[in-house]
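Some notes on the structure that comes next.
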Amino acid sequence: MPIDVERIRQTIREALRPTVEGTRVDPHQTSDTMTDLAGHVRLLLPAAEAKYRVLRPDGSPYDGMLAADFDALQRRLTYERPSPYTYPLNASVWMADLARSCRTLLDLVLDAQQVARGQRAGGSR
């Protein structure tokens, strides 16, 4: 399945949009954004983990992410999400945290693709 980079970036921006105290947060929109983020992470996780293992065979951090974080993210996707209708603050925190993880996964996949393109270009000289 191809990766729609711009759509993922837009979802991340929506999830990280600051919430001003006292303003109403639309729980339906939050729920949709949470669902989209979880889907993006599911899509990116296998490719990002594979690329991480190629780029960091020694297990060193990639933008703060370690090998164990991939398993933790996978498990996290199986947990029940906080309801934005009942617990809007918890849902906002969950969403922002997953958005940061999603951004790191996307950066990892894109960085790895750039490295691969550079190696192919270098190898064809």
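Observations on the structure shown:
- For segment 72-81, the count of residues that are of a type in the set (A, V, I, L, M) and over 15 Å from the mean Cα position of the chain (by Cα) is zero.
- Qualifying residue in segment 107-114 (condition: touching a Cys at 6+ places or on another chain (Cβ under 9 Å), of a type in the set (Val, Ile, Thr) and touching a residue at least 40 places away in the same chain (Cβ under 8 Å)): no
- Residue match in segment 82-91 (condition: assigned to a helix (DSSP H, G or I), under 24 Å from GLU6 (Cα atoms) and modelled with pLDDT of 85 or more): yes
- Scanning segment 33-55 for residues that are of a type in the set (Val, Ile, Thr), touching a residue at least 12 places away in the same chain (Cβ under 8 Å) and either within 25 Å of SER92 (Cα to Cα) or in a strand (DSSP E or B) (or both) returns THR33, VAL41.
- Scope segment 44-80; condition aromatic (Phe, Trp, Tyr) and under 16 Å from ARG103 (Cα atoms); matching residues: TYR52, TYR62, PHE70
- All positions within segment 56-81 that are assigned to a helix (DSSP H, G or I) and either loosely packed, with under 12 Cβ neighbours inside 10 Å or modelled with pLDDT of 85 or more (or both): ALA68, ASP69, PHE70, ASP71, ALA72, LEU73, GLN74, ARG75, ARG76, LEU77, THR78
- Boolean, ALA38 is touching a Gly at 6+ places or on another chain (Cβ under 8 Å) and among the small types (Gly, Ala, Ser): no
- Among residues of segment 4-32 being acidic (Asp, Glu) and surrounded by 11 or more Cβ atoms within 10 Å (Cβ to Cβ), the one that is farthest from MET95 (Cα to Cα) is ASP4.
The values are calculated or read from the model by the stated rules, or taken from the named source; none is laboratory data. Predicted, not measured: the structure shown is a model, and the values here were computed from it. Glycine also receives a Cβ, built like all others from the backbone with ideal geometry; neighbour counts cover every protein chain displayed.
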